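A short worksheet on the structure shown next.
Quick note: the coordinates plus some simple rules give every number you see, no bench work behind them. All values derive from a computational prediction rather than experimental measurement. Using ideal geometry, Cβ is built from the backbone for each residue, glycine included, and neighbour counts are taken over all protein chains shown.
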Amino acid sequence: ESVICLAVSRFGTYLACGTDGGRILAWSLPKGTEVPAMTREGVRHFYSVALSPDGDRVVSSHASGIDVWDVGSGELVHRYALGDNTPLRNVGSVGLSPDGRYLPFVTRDPLHRQTYSIHFFDVETGEIDPIPPLVGHTKDISCMTFSPDGSMLVSASDDNTIRVWFVAMPFGGHSLWN
């Protein structure tokens, strides 16, 4: 079983990793105490994981969608499934905003296979945020992260580009916060 992705919580209280064996493993830091493993029936490979700022939740992406887990218990809290009425198709990387409210996720347009975009879930409401998706990469977006103040989202892609998206202020039509 190999580690595919990992994340550390904002204040270094937890470490989580997704494996190609269909498990998410997590440890309380700095002692390295293992917490209950998180597993999803039918999931063989996790693409990406992100931890909430307080370390209480881990978000994971896989071929069937996105899951939100309770780190302490290892229980599934919420599942965002693939479907025709959402942009959840071919989900890749996921992240969390510094305040833990917004969950960016990567999708590939099934009709235009060279179009990759970043959409946002509002974690508080469970709804996809109505702002237009961030579009520009032409190959898979392998990772993304917010700046500590949440004003920028940075994404890296297999198209050999790194893009900086200004998301905390109206810029190019993209704003997460008023």
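A simple count of charges around Thr13, restricted to other residues whose Cβ falls under 13 Å of its Cβ and scoring Lys, Arg +1 and Asp, Glu -1, yields +1.
Full-extension gain between Leu6 and Glu75, please, as 0.36 nm times their residue separation minus the C-alpha to C-alpha distance.
Working: separation 69, 0.36 × 69 = 24.84 nm, distance 1.85 nm.
In short, 23.0 nm is gained.
Which of rounded, prolate, oblate describes region 1-58, given a ≥ b ≥ c as roots of the alpha-carbon gyration tensor eigenvalues and a/c under 1.5 marking rounded, otherwise prolate only if a/b is larger than b/c? Note, shape of region 1-58 comes out prolate.
For Ser97, the shell of other residues with beta-carbons less than 12 Å away shows a net charge of -3, using +1 for Lys and Arg and -1 for Asp and Glu.
Taking a Cβ cut-off of under 14 Å around Phe46, the surrounding Lys, Arg, Asp and Glu residues balance to a net charge of 0, with basic ones at +1 and acidic ones at -1. The shape of region 1-160 can be summarised by an equivalent ellipsoid whose semi-axes, obtained from the alpha carbon gyration tensor, come to 24, 17, 15 Å from longest to shortest.
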